[in-house]
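The values are calculated or read from the model by the stated rules, or taken from the named source; none is laboratory data. Predicted, not measured: the structure shown is a model, and the values here were computed from it. So basically every Cβ, Gly included, is an ideal-geometry build from the backbone, and we count neighbours across all protein chains shown.
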Amino acid sequence: MDISSLYTKFSNSSAKVNLFLQKTQVLHYMPGRVRLSSQHLLNNPEIARQVSEHLETIPEIKQFTVNAATGSLLIHYSPEDVSRNPFLRDVEQLVAKQYGR
């Protein structure tokens, strides 16, 4: 089963996000800015489109870039907004887990 099939299998957006974050690495982090790398995104424009559509719905994200060619995702957000958004909380937990912060 390919990743696109896995994504369509889940009807709940948070389940999709959790699946995505499980296979994501933090490349760089500073409060308010995080660069992630995901094998799901690499050379997969459909997943990149889905991720972009999801991120567009998050008002706390100021700006983002999804790059399927490199498999990277750059997110700019206000650190004060993390507590108000489940996705940003999940990203911060990923940072804490990988960076020990």
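Do the conditions hold for N43, that is, is it closer than 20 Å to H28 by Cβ and surrounded by fewer than 15 Cβ atoms within 10 Å (Cβ to Cβ)? First the steps, then the outcome.
Numbers: closer than 20 Å to H28 by Cβ: no; surrounded by fewer than 15 Cβ atoms within 10 Å (Cβ to Cβ): yes.
Against the criterion (closer than 20 Å to H28 by Cβ and surrounded by fewer than 15 Cβ atoms within 10 Å (Cβ to Cβ)), N43 does not qualify.
I'd like the full set of residues that are among the charged types (D, E, K, R) and over 14 Å from the mean Cα position of the chain (by Cα), limited to the range 63-101.
Quick first cut of the range 63-101, residues among the charged types (D, E, K, R) only: 80-81, 84, 89-90, 92, 97, 101.
Once the filter is applied, which keeps residues that are among the charged types (D, E, K, R) and over 14 Å from the mean Cα position of the chain (by Cα), the range 63-101 yields E80, D81, R84, K97, R101.
Being out of contact with any helix residue (DSSP H, G or I) (no Cβ under 8 Å at 6 or more places or on another chain) and not in a strand (DSSP E or B) is the filter here; which residues of the range 35-50 pass it? Steps first, answer last, please.
Residues of the range 35-50 that are out of contact with any helix residue (DSSP H, G or I) (no Cβ under 8 Å at 6 or more places or on another chain), as a first pass: 35, 37, 39, 42-43, 45, 48-49.
Passing the criteria: Q39, L42, N43, P45, A48, R49.
Determine whether the range 58-81 contains at least one residue that is out of contact with any helix residue (DSSP H, G or I) (no Cβ under 8 Å at 6 or more places or on another chain), within 18 Å of K23 (Cβ to Cβ) and in a helix (DSSP H, G or I).
Checked against the condition, which is being out of contact with any helix residue (DSSP H, G or I) (no Cβ under 8 Å at 6 or more places or on another chain), within 18 Å of K23 (Cβ to Cβ) and in a helix (DSSP H, G or I), the range 58-81 yields no hits at all.
State which residue pairs qualify: first residue closer than 12 Å to Q25 by Cα and among the basic types (K, R) and inside the range 86-101, second residue surrounded by 14 or more Cβ atoms within 10 Å (Cβ to Cβ) and at pLDDT 85 or above in any location, beta carbons under 9 Å apart, and separation of 6 or more residues or different chains.
From the range 86-101, the pairs are K97/V26.
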